[in-house]
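Have a look at the structure below before the remarks.
Taken together, the values in this text are just the output of simple stated rules run on the coordinates, not laboratory data. All of these numbers come straight from a predicted model, not from anything done at the bench.
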């Protein structure tokens, strides 16, 4: 009779270990899914920041082009004025 009790006890222990293993596997799967989701969000956020940086750089380039254009106009105006007073 004691062997039956021991066998039943081992079976219960085996079921407990199996349930615990399944629980750990589910938690691991959920944790991996969460890490992948977080990684995807980080990549999305990085893309947004990259787009913002690119837009800022484009705006700066446009401002520089406008400043250069104004400087060229002022320089040409000064040259015309200087040539006009020279004669």
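Quick notes
- Sorted from longest to shortest, the spans of the Cα atoms of the chain along the three principal axes equal 128, 11, 5 Å.
- Dividing the summed helix terms, -39500 (n - 2.57) for each DSSP H run of n ≥ 4, by the number of residues in the chain produces a 222 nm estimate of -37500 deg cm²/dmol to the nearest 500.
- The distance separating the Cα centre of region 38-66 from that of region 19-35 comes to 37 Å.
- With Cα atoms, 0 to 90° folded angle of helix 2-86 axis to the chain main axis: 0
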